[in-house]
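Trainee: Please read through the structure below; I'll follow up with questions.
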Amino acid sequence: MHFFQIDTPPLPGTLPTVVTITDQNFVIAVFLLVLSLKFHRVGCRTVVYGIGLTETQKDYFRQFPGVEVIEAARNNPRNPCTRKAEAVLAADNGECKYFSLLDGDCIATGDITPYLSPAGSGFFARIKSPSEDASVFRTRYSISDTPGTIPSAILAAWRRDVGERSAPAIRNTVCGGNFTVHRDHLWFMQRWHDQMMKVIPPRNSGAHDFRSPAYFQVDESVLNSLLAFGTHVPPVLRARLDEDDHAHVAHLGPNHPKPWVLWRRDKMMYYDDVVRLFAWAKNQGFETPRVPWTFKTRNKPAVVVGAFGLEFLKGAKRAKQRLFRRRKKKESAALPLIPHGLPPESSNFSEPIHLTPMPQTIEVRPRA
């Protein structure tokens, strides 16, 4: 007797869940993300955590099979980036094993289904390299810090606010977006949310708050503070969402401008993918938000010119900053030194320094 195994598709509730967040300002970005998941037939349940969306905006997402819109409470004035953990918890249906929080300014470049259910149980994220952290923290190192690690002043603030471990458990940070968490560790999402509500002021300071010494990356800073000094945290495992060149989560951000305003040259490799997605949506009869000019095929020449122009302007700005720093360095080196023979009290320039004038010799020449 021969036995044949029949592959049974998973029930909808047990599919891995993709969670993303949008307010009214990010609808076009999240619509593009959802469009990419549908175009590539990614096997997932999709939850859009909507903050203050209109019914029309919700319908843009609900027209797709397998996409749910969960309305967020309006009692949190902070930036949507602080609601990532809240969104994951809201998406829990009691059945799904894996939850992947994708940033709204991303697209899937292929069928990422296998990477939404990584082997193991933990918190799956991309761990930054020392060179990445050196760039992120470049203006926050003290003279005694080692570039490529987390600055000591930031670690001190995290240690104080978390209040558990005395020494950090991590040397480098992890990304606060495009991560996957196993349902066994959903409790950590609650811990992360609670800590954000504790240390992030109740105002919308943007996705970055450079006024904050220790939490300028907002949600990501809080996440890493817990991984560094929390005594009860999940194992951090490598995420798989970026490992396949043909099917990965591509970040169109995170910096400004966003591609629906102006493309950056380093992101132009995804331009044709984006245009193809909107063409497919039109052919399938899906309703779309207003498509920005940067996402239209006929505007590609202008988009390319804009991308190169933006790169030139940024390069000129960096050159100007380097010139300014070099000039300041020269000026500092040219400052007059305190004369060697002066008594210590004379080094206080708030009091006049009295020097005995030297006699002058006047040379008198006879008339010719």
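Read-outs: derived from the displayed coordinates by stated rules, not from any lab. Computed from a predicted model, the values in this text were never measured in an experiment. Every residue, glycine among them, receives a Cβ derived from its backbone with ideal geometry; neighbour counts consider all protein chains shown.
Trainee: In this model, which of 58/97; 198/317; 84/258; 128/282; 58/258 are farther than 32 Å apart at the alpha-carbon? Please list the in-between numbers first.
Mentor: Values: 58/97 26 Å; 198/317 37 Å; 84/258 20 Å; 128/282 38 Å; 58/258 22 Å.
With Cα atoms farther than 32 Å apart: 198/317; 128/282.
Trainee: Are there DSSP H segments in the chain that both extend 24 Å or more along their axis (alpha-carbon positions) and score a mean Kyte-Doolittle hydropathy of at least -1.0? List them, or say none. Please list the in-between numbers first.
Mentor: Working: long enough: 300-333 (49 Å, -0.66).
Taking the DSSP H segments of the chain (at least 24 Å long, mean hydropathy at least -1.0), we get 300-333.
Trainee: Moving on. Normalise the Cα radius of gyration of the chain by 2.2 N^0.38 Å (N = residues in it) and let me know the number. List each step's numbers first, then the result.
Mentor: Working: Rg = 28.2 Å, N = 368, 2.2 N^0.38 = 20.8 Å.
Normalised by 2.2 N^0.38 Å, the Cα Rg of the chain equals 1.36.
Trainee: Once amide H atoms are placed 1.01 Å from N in the peptide plane, what residues at a sequence separation of 5 or more from residue 69, or on another chain, have their amide H within under 5 Å of its amide H?
Mentor: So residue 69 has HN proximity to 48.
Trainee: Residue-wise, which Karplus ³J(HN,Hα) couplings in Hz belong to region 288-294, taking 6.51 cos²θ - 1.76 cosθ + 1.60, θ = phi - 60°, and x for glycine or proline?
Mentor: Residue by residue, region 288-294 yields 10, x, 4, 7, x, 4, 6 Hz.
Trainee: Taking K and R as +1 and D and E as -1, what net charge do the other residues with C-beta under 13 Å from the C-beta of residue 248 add up to? Before the final figure, lay out each step's value.
Mentor: Values: positive: 126, 240; negative: 111, 242, 243, 244, 245, 273.
Net charge around residue 248: -4.
Trainee: A further question follows. Count charges around residue 162 for me, please; just the other residues with Cβ under 11 Å from its Cβ, Lys/Arg as +1, Asp/Glu as -1. Before the final figure, lay out the partial values.
Mentor: On the way: positive: 159, 160, 165, 191, 198; negative: 161, 164.
Taking every other residue near residue 162 into account, the sum is +3.
Trainee: For 135, 121, which order do you get if you count the other beta carbons within 10 Å of each Cβ and list the fewest first? Kindly include the intermediate steps, with their values, before the conclusion.
Mentor: Numbers: 135 12, 121 16.
Result, fewest neighbours first: 135, 121.
Trainee: I want the local charge near residue 91. Using Cβ-Cβ distances under 13 Å, sum +1 for each Lys or Arg and -1 for each Asp or Glu among the other residues.
Mentor: Numbers: positive: 45, 83, 84, 97, 183; negative: 68, 71, 86, 92, 95.
Here the count lands on 0.
Trainee: Which one, 176, 43, 306, has the greatest fluctuation when you compute a Gaussian network model over the chain with C-alpha springs under 10 angstrom?
Mentor: Maximum among the listed residues: 306.
Trainee: Treating the Cα atoms of region 256-330 as identical point scatterers in vacuum, please give the log10 of the normalised Debye intensity I(q)/I(0) at q = 0.18, 0.20 Å⁻¹, two decimals.
Mentor: -0.75, -0.85
Trainee: Counting each DSSP H run of 4 or more residues in the chain as -39500 (n - 2.57), what helix-only mean residue ellipticity at 222 nm follows after dividing by all residues, to the nearest 500 deg cm²/dmol? Don't skip to the answer; put the middle values down first.
Mentor: Working: 9 runs with 119 residues, N = 368.
One gets -10500 deg cm²/dmol as the mean residue ellipticity at 222 nm.
Trainee: Apply the Karplus parameterisation 6.51 cos²θ - 1.76 cosθ + 1.60, with θ equal to phi minus 60°, to every residue of region 71-87 and state each ³J(HN,Hα) to the nearest whole Hz, in sequence, with x for glycine and proline.
Mentor: Working through the residues one at a time gives 7, 7, 5, 9, 9, 10, x, 5, 4, x, 5, 7, 10, 5, 4, 4, 5 Hz.
Trainee: Residue by residue through region 116-121, which ³J(HN,Hα) values in whole Hz follow from phi under the Karplus form 6.51 cos²θ - 1.76 cosθ + 1.60 (θ = phi - 60°), with glycine and proline marked x?
Mentor: 7, 10, x, 5, x, 10
Trainee: Further question: Given 252, 169, 20, which one lies farthest toward the positive end of the charge dipole of the chain, if we put +1 on the Cβ of every Lys and Arg and -1 on the Cβ of every Asp and Glu?
Mentor: The residue sitting farthest along the positive end of the dipole is 252.
Trainee: List the residues whose amide H sits under 5 Å from the amide H of residue 103, counting only those 5 or more places along or on another chain, with H placed 1.01 Å from N in the peptide plane.
Mentor: 178
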